[in-house]
Amino acid sequence: MRPARLTLEQLQIDGFGHFHEFRLELGPGLNVLFGDNGVGKSTLVAFVRSVLFGFARRNTPERYQTLGGKAFGGRVLLATPQGELWVQRLDGKRAEGELTVKNGVMAAVPESRLREALASVDRELFEQVFAFGLDQLRSWDQLMEAGKVKDALAAASMQGALRLPQALERFDAQARALWGRQATTRPLNLVLRELALVK
């Protein structure tokens with residue numbers, strides 16, 4: 001039976017950060033990974049992000065490059081409404097790595113199948129909503145402290161917790177420009193005043 005939405009089923013890491021020849025199968029529903037600082041929770045999130053969207057620039061800590069000529073990269077298994085997809089990204093000539101996408105019977109399929117499965121979610125949205133790190137979590141905490149919990153939850157369901165407060169501020173400024181007391185000369189207010197007179 002095919003899932004109604006995209007789910008992550010398996011990670012196979014050839015080499016990424018301190019993980020080498022590592023495999024993790026995820027069960028149905030919610031999976032919780034926990035452990036002390038430094039055991040690799042953030043590294044696993046970075047691995048999924050890197051396989052789906054490309055490795056970070058060379059010679060940056062966010063790349064999680066393996067040392068000593070060891071293999072770098074790996075693959076994830078996604079269950080999609082259209083069937084299974086194996087998404088593999090390995091070190092190569094390009095900084096973002098070499099991407100290969102295969103279906104459930106390991107036949108190569110176009111990279112566009114991955115974009116379709118991700119429903120056009122880009123790296124930024126993925127990081128802000130589905131796989132956020134400590135920096136995004138800190139901004140989430142700031143939203144909570146500012147009393148914008150409802151806005152933050154709505155943002156997470158739409159376009160990311162960092163975008164909604166800015167959009168709301170712009171909306172408020174535009175509303176004040178249209179309806180505020182200083183807006184008496186605005187075309188909309190003039191039309192409404194004329195309508196009130198006619199009425």
Look at segment 120-151 and say how many of its residues are surrounded by 14 or more Cβ atoms within 10 Å (Cβ to Cβ) and either modelled with pLDDT of 90 or more or in contact with a Pro (Cβ under 9 Å, 6 or more places away or on another chain) (or both). 3
Would you check if there is a residue in segment 106-119 being touching a Lys or Arg at 6+ places or on another chain (Cβ under 6 Å), of a type outside the set (Ser, Thr, Tyr) and at pLDDT 95 or above? yes
Suppose the filter is in contact (Cβ under 8 Å) with a residue 60 or more places away in the chain and more than 15 Å from PHE130 (Cα to Cα); does ASP36 pass it? no
Scanning segment 9-20 for residues that are touching a residue at least 40 places away in the same chain (Cβ under 8 Å) and under 20 Å from LEU67 (Cα atoms) gives GLN12, ILE13, ASP14, GLY15, PHE16, GLY17, HIS20
Please list, ordered by first then second residue, the pairs with beta carbon atoms under 8 Å, 6 or more apart or interchain, first in segment 107-125 and over 14 Å from VAL51 (Cα atoms), second open to solvent by 60 Å² or more (accessible area, probe 1.4 Å) and basic (Lys, Arg). ALA108/LYS102; VAL109/LYS102
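The values are calculated or read from the model by the stated rules, or taken from the named source; none is laboratory data. Please read all numbers here as calculations on a predicted model, not as lab measurements. Using ideal geometry, Cβ is built from the backbone for each residue, glycine included, and neighbour counts are taken over all protein chains shown. Areas reflect the complete protein model, heavy atoms only, side chains present, ligands, DNA and RNA absent. Shrake-Rupley method; radii C 1.70, N 1.55, O 1.52, S 1.80 Å.
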